[in-house]
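Scroll down for the structure; my scribbles are underneath it.
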Amino acid sequence: MIHSLFLVNASGDIFLEKHWKSVVSRSVCDYFFEAVERATEPENVPPVIPTPHHCLINVLRQRVYFVAVIQSEVPPLFVIEFLHRVVDTFQDYFGVCTEAAVKDNVVVVYELLEEMLDNGFPLATESNILKELIKPPTILRTVVNTITGSTNVGEQLPTGQLSVVPWRRTGVKYTNNEAYFDVVEEIDAIIDKSGSTITAEIQGVIDACVKLTGMPDLTLSFMNPRLLDDVSFHPCVRFKRWEAERILSFVPPDGNFRLLSYHVSSQNLVAIPVYVKHNISFREGSSQGRFELTLGPKQTMGKAVESVLVSSQLPRGVLNANLSPSQGTYTFDPVTKLLSWDVGKINPQKLPSLKGSMSLQTGASKPDENPTINLQFKIQQLAVSGLKVNRLDMYGEKYKPFKGIKYMTKAGKFQVRT
Amino acid sequence: MSASSAFSDDKAGSASEPEYGHDPASGGIFSSDYKRHDDLKEMLDSNKDSLKLEAMKRIVAMIARGKNTSDLFPAVVKNVACKNIEDPNQLIRASALRVLSSIRVTIIVPIMMLAIKEAASDMSPYVRKTAAHAIPKLHSLDPEQKDQLIEVIEKLLADKTTLVAGSVVMAFEEVCPDRIDLIHKNYRKLCNLLIDVEEWGQVVIINMLTRYARTQFLNPNINESLLEDSSEKAFYASDDEEDEDKKAEAAALVKRKPYVMDPDHRLLLRNTKPLLQSRNAAVVMAVAQLYFHLAPKAEVGIIAKALVRLMRSHSEVQYVVLQNVATMTIKRRGMFEPYLKSFYIRSTDPTQIKILKLEVLTNLANETNISTILREFQTYIKSMDKDFVAASIQAIGRCATNIGEVRDTCLNGLVQLLSNRDELVVAESVVVIKKLLQMQPEQHSDIIKHMAKLIDNIQVPMARASILWLIGEYCEHVPKIAPDVLRKMAKTFTNEEDIVKLQIINLAAKLYLTNSKQTKLLTQYVLNLAKYDQNYDIRDRARFIRQLIVPTDKSGALSKYAKKLFLALKPAPVLESPFKDRDHFQLGSLSHLLNAKAGGYQELPEWPESAPDPSVRNVEIPDWSKCTSRKDRKEKKLDKPFYSDSEGDSGPTESADSESDSGSGSESASASDESGSGSESEESGEETESEKEEEDEEKEKKRKKRLDKTKAKKPAEESAERCTIAPSGSIKMYELLHRITGEGLAVEYCFSRQPFSPDPNMVAVQIQFTNNTNSETKNLHIEEPRLQSGMRIREFAEIEVLAAGESVTVVMGIDFCDSTQAANFQLCTHTRKFFVSIQPPVGELMTPVFLTENDFKKEQGKLMGMNEISEKLTLGEKCVNEHVIVERVTATANLSRVPCGSDKECRFAGKTVSSGCLVLVTVTTKEGGRAQLTVNCEKMVIGTMLVKDIMQALSQ
C-alpha cells in the first residue's frame, strides 16, 4: 500500500523520509516539485501525481507537504485519510505539526510512523493505543531521556490493541471526573449582491473532553434530534441505538475527541446573523475607486456577534487603499492585494464601518471583477440550528461526574458576493 | 585457535581477541572464517543455552570488528525471534513475528514460513492478525511461496474475529485477488463482521466484496438498463431501425424473468449502509462505490448525502470525492440534483476544486435548473481566477449544446463577453461560440461578422484560428467581409503562430473555391509564403492544397472534387464531459482517478448472465451463539429463511426436525426434503398422501411446499397439545438454544400473540423443547432470571421428563415493560445450565384493540406532534394491493385492522401490553408504489422502532 513517506517544507526541501518496504530514491520527489512549480498556488498542487513507476499522493497541512509514494492500486482516499490521521497524531503529540516540531521530535516521529503502518498497511492509528506504546514528549521526560539515554517507548505492553474498545485504555483514573461537550456550529453561506441568500447550510460538530475514571458508558440525548439530517460518528457511538432511538450511546475515548459531526437538514431556513452593506465601485477613466463597507447584526437571537474578521481579495489593478475604520484595525497588502479588517465585536448601537478610497494603476482600465467579502465571526452560547442537548447520563460507574455543555456558532465558509 | 578450545573456554570472547585482529586481507583468515562460521552455526543449533550465548557473544564481537557474518543470519534469527515466538504473552509473540517478517533477506524464508503457519493457528486473535500482516511481506520476498501462503490465507479467512478480518482480506488482495472461490464460505461472515472491523480493514473488505458481488449476483438494474438502452437508441437511430430494435427489445423483455435479488446480495447492501456514517472518508467512499456498482437504481440515491458531506473535509478529500461525483453524475444525475447548491463555487476554493465543481454543475444541468445554473455561471465569469473563468465559459458552451432551450441565451451571453477587457475571456468565448455556431450557422451571420471584426484585436492564437475557420466555413454568409479578412491575414501571415497559419491557408483555399475572382491572387500569395515557411506541416499543407485547388494540366482526378472536399458539411462537435465512461474503472480507485490502469488494479467484472450457484456460500454449521451484540443476533435471525431455503444448510429452524427424522427411518432420498413432517406422529392421512404425490414432482417445488407445510403444521400440532394456544397465521420461530450448544437439546420460541391469562400485562412466549439426544432429559426449568428493572417473568411449570426424540411446548409470560430489552435467564436441565435470552421485536409488545373509524380519528387527534412519526417509503415489488400490506403490517406487529372508508388507507390499532398505551398505524398508498406511514404512539421509542420495522416489511 503505502511505500514511503517524504515530508517536504514550503521551500521544497525534503526534511524527513520514511520507508516501509524497500528504499525509494528521493529523486521520485522531482515529479512532485515539478507539479508544485506548475501550480500557481500551493493549494493547487494535484493531490495525486502519476509518475512512470510510482504514484505520489500528497496532502498539505500547515505549510508542510506529506508526500506518500504508492506503487500499486490503492484507493486514493485511503492514503489521503491516513496522511491526515498522521498529521492529527503529530498535532496530538507535539501540539503543532510544523517542520520545527517534527525536527525537534524526530525520534518520536519515527517511532510513531513505524507503529502506524506495518508494511504499508495501517496498524495502530487510535491515539490512545499509540500513547500506550509511545509516550508523548514532555519537557521533564525529554530532559530525563537526554541524561539517561532512554527513549519514549512505553514500558508496559500495549494491551489496548487487544481490547474490544480499542479507543479506550483500561485503568483510567481521575480525581476530578468531568465530561465536557462543545456543540460548535458553522454557517456556510453565499450571499449575493443584493443581500439575499443563495445557499446557506449549517454544519455542526460535538467535540468532547472526557476525563472519567474506569469504563463509563454514556448516553447523550437531544431535545430535537430530528434536526440532524446527516451525521457521522466516532467509532465509539452505537449506531443501532441511534437508528432506533436517536440517542447517542457510547463508551468514550479518554481525553479529547470528536464525538459527532452533523449536517442540519437543508429544509430548515438558516438564520443569517450578520448583514453586510457594501459599495465597492470603480469609475471609468478615473484612477480612484470607492470603498464602503458596513456590518450589522441580523437574526442573532439576542446574542453578541464577536471576533468579526472581514477579508477580501481586491482586484489586481488596485494599487493601494486608503480607508478609515470606525472600529478595529485594517491592513492592506499591496502585493497580494489582500484586505483584512479585524472588527472585533459588533455593537448594534454603533455599526462598524470601513470607508475610503482605493487608488488604481494609472492608465489601467476599470477592473471587471468584483471582489468577494469573506466573513468570520463567533457567537457564544448559541447553536444557530436550535439543537439542544437534553441530558447526559452515565452508567457503569458509581461516582457522580461533573458535566458541562457549551454552545457556539461560527462562520464557516461565509461569503458575500459584490 | 581451535574450535574445541573455544567450546571449552568460557571466556573465549576475550581469549580469541588477538585472532580477530589478524589482517583481514590474508587468505588464511578467509578460509578459517568459513570454518569458524560452521562451528558457530553448530553452537547456535545446539540445545545448550550456554553454547548459544557464547556463539552470540562471538558473533557480536565479529560484527564490531566489521566482519561479514551474514551467513550466520538465519541461525541467529532462529534463536532470537523464535524464542519470543513461543512467549506466553501474546503481545510479545506478535511483535516477534512482526520483527521476523520485516527482515527482508531471502535466507530466512523457511523460518518465516514456519512462523507464519504457527501464528495462524495461535490462540490469540492479535497474533493471528500479525500473521495475516506477515503474509504479503513473505510473498513479496519470495513469490514462490504463494501456494503455501494461499493455504494460510484460506485458514485465516475462516477466522471469526473482527481483528483478523481486515488484515487477512488485505493479504488476500495482495497475494491472490483472483481466488474468488476462497470467499464463498466466508462471504456472509464477512458481511456480518464488517461493522465491527477497524476502519482501514473495512475499506479493503468492501472493495473486495464489490468485486465478489459482481461475479456472483445478477444485475439488479437489468430490466431498467434494457429500457434505458432502448430510449437512447431511439434517439439516434433512424425510424425503421428503431422499429426493429424495439421489436427485438420487446422480445428480450418478455424473455427476461422478473428479477429477484439474491438474499446474500441484499445482506451486503444492508450491512454496508450504516458505514456511510463513518468518520473516515475512505470508508464512506468505499460504501458509495459499492452502492453505485451494486445497488438497484432506486437505492443508489442514499449515497449522495454522505458524499456531499465529505465535501466539507480537507481539500484533498474534496478533490477525490468530486472526481468520483463527476463520474456518477453522468450515469445517475438524479441523485445529486437535490444537492445542486452544495456544488456552488466560492472564491476561496482552490482552482482545481472550482473546475471539478463546475464539471459537476454542468453535468447536473437540465431544463428545470438551467436558469439557476446559468445565473450562477454569470457570477463565475467575473472571478479573478482566469483559468476558472475560461472553464466557466466552456461550461456554458456545454450547457448550450446539451440543452437546446437555452442555446440562444447562452450564445447571446457569450457574444457579450466578446467585448470583455480580458483577452483570455474573449479568446475562450470565441472558441466556444465557434462550436455553438457550427450547430446552426444560418441564423447567426451577424455574430460571424462581429467576430470578423475582432480579428484586429485578439492576439490569442487559438481564438484567431477559430475566427478564421468560422469565416472560411461560412464565407457564403459573409461574402463581402471574408476576402477582406484574408487580405489582412496575408499581410500578417509571417508573424502568426502555426495554428493560425494553417487556418489562413484553409481560409484561402475555401475562398478560392467559392469566390476565385476576388481572391485568386491573395490565395497564391499566401500559398507562396507558406511554401517557404519554417514549419514543415505548413509547407506540406500548402503544397497539398495547391495541388488540389489550383487547376493545372497535371492536376489529378481529385481536383474535380475539391469543392466537395473542402466545403463538405461538417458534423457539429459534441461537447462531452471528460468523465464520460470513466465508470468502467471501479469508482474510488486510483485507476479511476488517473483514468489509466494502475499496477495491481483488479478489473471490475461485468455482471454474469445467469447467477452462479448461490449454495456455495452456505456454511455447514452456522455458529449463531458467537455473535456479540443483541442487534446482530436479531438480524441474523431475520436472515434465517433465506439460508434455510437451500439444502445442506442447517438453518436452526429445521435442523432439529431433520435430525429427528433420520431417526424415524423414512427412505433416505426424500428424508431431507420432507424431514419437516416425516417424524411427527399427529400427521393426518391426507398429508401423507400429498407427500407421495410430491415425490414425483421436481425437487425444488417439493422443498418450497415443505417449507410452507412446516410453517402451517407446527401451530396445528401445538394446538393439539395445548388447547389454550391457537396461533394466528404464520408465526416466526426464534431460536433460544441451538441443538449443538444445547448438547442435543434444541429450544425454540415464538410470540403466540395470545393473551397470557395469568397476567394480562405479560407477553405470552411459547417455548418448544426438542430432545435430540438418545437419553431422557429431566427437570427442565428456569433459574436466575436477570432482568432490567421493572421487568417480570412468570416461569412455566417444570417439565419433569422429556423422552429422547420427543418435543414439548410450554408457555411462559414476560412483562417487558414496553421495551425491547432482552430478558435473560438460565435454562436448566438435570445436568446442565444454559444462559439464554429472549428479546422481543417491538411489534410483539402490543396487543390488538378494536376501534371504529371515528374512535381512531379521535385518538389519533390526541396523539399529534411529538407523538406522531411519519415517514415516506416506496413499497416493495410484492406489495401490490391492500391485502398484502395488511398481511405485512400484521405480521410485523400484533395489531388489528380498523375499518376505513378510503381504499388508499389502511389503519391499524393496538395497545402496548404492559402499560396499555395506544398504538395507531396508518399506511396511505400513493401512485407509483409510494406510500406514507404514520405511527401515533405516546411512547416515542416504541413508535420509532415500529416505524422502522414496518418500513422494512413494506419495502421488501
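The values are calculated or read from the model by the stated rules, or taken from the named source; none is laboratory data. As the structure is a computational prediction, the values presented were derived from the model and not from experiment. Note: ideal-geometry Cβ built from the backbone for every residue, glycine included; neighbour counts use all protein chains shown.
Restricting region A:223-242 to residues that are part of a helix (DSSP H, G or I) and at the interface with chain B (Cβ under 7 Å from one of its Cβ atoms), which is farthest from the chain's Cα centre (by Cα)?
Within region A:223-242, the match that is farthest from the chain's Cα centre (by Cα) is A:240.
Assuming residue A:180 fulfils every condition listed in (1) modelled with pLDDT under 80; (2) in a strand (DSSP E or B); (3) among the hydroxyl-bearing types (Ser, Thr, Tyr) apart from one, which condition is it?
Just one mismatch for residue A:180, condition (1).
Picking from A:34, A:41, A:73, which residue would you name as being free of Cβ contacts under 8 Å to residues at least 12 places away in the same chain, surrounded by 17 or more Cβ atoms within 10 Å (Cβ to Cβ) and not small (Gly, Ala, Ser)?
The unique qualifying residue is A:73.
Where residues in region A:104-141 are more than 14 Å from every other protein chain (Cβ to nearest Cβ) and out of contact with any helix residue (DSSP H, G or I) (no Cβ under 9 Å at 6 or more places or on another chain), which of them is surrounded by the most Cβ atoms within 10 Å (Cβ to Cβ)?
A:141
Please tell me if residue B:508 is closer than 24 Å to residue B:478 by Cα, in the same structural domain as residue B:475 (by the TED database) and surrounded by 14 or more Cβ atoms within 10 Å (Cβ to Cβ). It would help to see each step written out before you state the result.
Values: closer than 24 Å to residue B:478 by Cα: yes; in the same structural domain as residue B:475 (by the TED database): yes; surrounded by 14 or more Cβ atoms within 10 Å (Cβ to Cβ): yes.
The answer is yes for residue B:508.
Quick test of your reading of the structure: residue B:561 fulfils all but one of (1) of a type outside the set (D, E, K, R); (2) loosely packed, with under 12 Cβ neighbours inside 10 Å; (3) not in a helix (DSSP H, G or I). Name the failing condition by number.
Going through (1) of a type outside the set (D, E, K, R); (2) loosely packed, with under 12 Cβ neighbours inside 10 Å; (3) not in a helix (DSSP H, G or I) one by one, residue B:561 breaks only (3).
Count, please, the residues in region A:173-183 that happen to be under 26 Å from the mean Cα position of the chain (by Cα) and surrounded by fewer than 19 Cβ atoms within 10 Å (Cβ to Cβ). Break it down into steps so the answer makes sense when it comes.
Step one: of region A:173-183, the residues under 26 Å from the mean Cα position of the chain (by Cα) are A:178-183.
Next cut, surrounded by fewer than 19 Cβ atoms within 10 Å (Cβ to Cβ) only: A:178, A:180, A:182.
Here the count works out to 3.
Kindly indicate whether residue B:367 is surrounded by fewer than 17 Cβ atoms within 10 Å (Cβ to Cβ) and either touching a strand residue (DSSP E or B) at 6+ places or on another chain (Cβ under 6 Å) or more than 9 Å from chain A (Cβ to nearest Cβ) (or both). Let's see the steps before the verdict.
On the way: surrounded by fewer than 17 Cβ atoms within 10 Å (Cβ to Cβ): yes; either touching a strand residue (DSSP E or B) at 6+ places or on another chain (Cβ under 6 Å) or more than 9 Å from chain A (Cβ to nearest Cβ) (or both): yes.
Judged against the criteria, residue B:367 is a match.
In region B:141-181, which residue that is assigned to a loop (DSSP other than H, G, I, E, B), in contact with a Leu (Cβ under 9 Å, 6 or more places away or on another chain) and without any contact (Cβ under 8 Å) to a residue 40 or more places away in the chain is nearest to residue A:1 (Cα to Cα)?
Only one residue tops the list, namely B:176.
Identify, by number, the condition in (1) of a type in the set (A, V, I, L, M); (2) not in a helix (DSSP H, G or I); (3) not assigned by the TED database to the domain that holds residue B:789 that residue B:891 doesn't meet.
(2)
Is there a residue in region A:198-214 that is touching a helix residue (DSSP H, G or I) at 6+ places or on another chain (Cβ under 6 Å) and within 11 Å of another protein chain (Cβ to nearest Cβ)?
The answer is yes; a qualifying residue exists.
Condition check ((1) within 19 Å of residue A:120 (Cβ to Cβ); (2) within 11 Å of chain B (Cβ to nearest Cβ)) across all residues:
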{"residue": "A:34", "(1), (2)": "no, no"}
{"residue": "A:44", "(1), (2)": "no, yes"}
{"residue": "A:56", "(1), (2)": "yes, no"}
{"residue": "A:60", "(1), (2)": "no, yes"}
{"residue": "A:67", "(1), (2)": "yes, no"}
{"residue": "A:70", "(1), (2)": "yes, yes"}
{"residue": "A:81", "(1), (2)": "yes, yes"}
{"residue": "A:85", "(1), (2)": "yes, yes"}
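Whether any residue in region A:358-373 is within 28 Å of residue A:205 (Cβ to Cβ), surrounded by fewer than 17 Cβ atoms within 10 Å (Cβ to Cβ) and in contact (Cβ under 8 Å) with a residue 40 or more places away in the chain is what I want to check.
To start, the set of residues in region A:358-373 that are within 28 Å of residue A:205 (Cβ to Cβ) comprises A:372-373.
Adding the requirement that they be surrounded by fewer than 17 Cβ atoms within 10 Å (Cβ to Cβ) leaves none.
The answer is no, given that none of the residues of region A:358-373 is within 28 Å of residue A:205 (Cβ to Cβ), surrounded by fewer than 17 Cβ atoms within 10 Å (Cβ to Cβ) and in contact (Cβ under 8 Å) with a residue 40 or more places away in the chain.
Looking only at region B:589-601, count how many residues are facing chain A (nearest Cβ under 7 Å) and in contact with a Ser or Thr (Cβ under 9 Å, 6 or more places away or on another chain).
5
Kindly list the number of the only condition in (1) crowded, with 21+ Cβ neighbours inside 10 Å; (2) facing another protein chain (nearest Cβ under 10 Å) that fails for residue A:252.
So the condition that residue A:252 fails would be (2).
What number of residues within region A:377-404 are buried (at least 16 other Cβ atoms within 10 Å of the Cβ) and in a strand (DSSP E or B)? Explain how you work it out, then say what you get.
Our first condition is that a residue be buried (at least 16 other Cβ atoms within 10 Å of the Cβ); within region A:377-404, this holds for A:377-379, A:382-385, A:387, A:389, A:392, A:394, A:401, A:403.
Adding the requirement that they be in a strand (DSSP E or B) leaves A:377-379, A:389, A:392, A:394, A:403.
Residues in region A:377-404 being buried (at least 16 other Cβ atoms within 10 Å of the Cβ) and in a strand (DSSP E or B): 7 in total.
Residue check: is residue B:158 under 23 Å from the mean Cα position of the chain (by Cα) and of a type outside the set (D, E, K, R)?
Yes, satisfied.
Please find, among B:409, B:401, the residue that is of a type in the set (Val, Ile, Thr) and surrounded by fewer than 18 Cβ atoms within 10 Å (Cβ to Cβ). I'd like the intermediate steps shown before the answer.
Details: B:401 fails: surrounded by fewer than 18 Cβ atoms within 10 Å (Cβ to Cβ).
Just one listed residue meets the conditions, B:409.
Please go through (1) outside any strand (DSSP E or B); (2) within 18 Å of residue A:185 (Cβ to Cβ); (3) not assigned by the TED database to the domain that holds residue A:224 for residue A:369 and return the number of the only condition it doesn't satisfy.
(2)
I'd like the full set of residues that are assigned to a strand (DSSP E or B) and under 35 Å from the mean Cα position of the chain (by Cα), limited to region B:808-855.
Scanning region B:808-855 gives B:837, B:838.
Quick check on region B:64-71. Is at least one of its residues at pLDDT 80 or above, in the same structural domain as residue B:130 (by the TED database) and not in a helix (DSSP H, G or I)?
Step one: of region B:64-71, the residues at pLDDT 80 or above are none.
No - not one qualifying residue is present in region B:64-71.
In region B:309-321, which residue that is more than 8 Å from chain A (Cβ to nearest Cβ) and crowded, with 21+ Cβ neighbours inside 10 Å is farthest from residue B:283 (Cα to Cα)?
So the residue we want is B:318.
Of all residues in region B:461-480, which are in a helix (DSSP H, G or I) and surrounded by fewer than 18 Cβ atoms within 10 Å (Cβ to Cβ)?
Within region B:461-480, B:461, B:462 meet the criteria.
Consider residue B:431 carefully, then state whether it is farther than 26 Å from residue A:412 by Cα, away from chain A (no Cβ under 14 Å), hydrophobic (A, V, I, L, M, F, W, C) and touching a residue at least 24 places away in the same chain (Cβ under 8 Å). If you could, list the steps in order and put the result at the bottom.
On the way: farther than 26 Å from residue A:412 by Cα: yes; away from chain A (no Cβ under 14 Å): yes; hydrophobic (A, V, I, L, M, F, W, C): yes; touching a residue at least 24 places away in the same chain (Cβ under 8 Å): yes.
For residue B:431, the condition - farther than 26 Å from residue A:412 by Cα, away from chain A (no Cβ under 14 Å), hydrophobic (A, V, I, L, M, F, W, C) and touching a residue at least 24 places away in the same chain (Cβ under 8 Å) - is met.
Please work out which residue is modelled with the lowest pLDDT, limiting yourself to region A:261-279 and to residues that are under 25 Å from the mean Cα position of the chain (by Cα) and more than 14 Å from chain B (Cβ to nearest Cβ).
By that ranking, first place goes to A:271.
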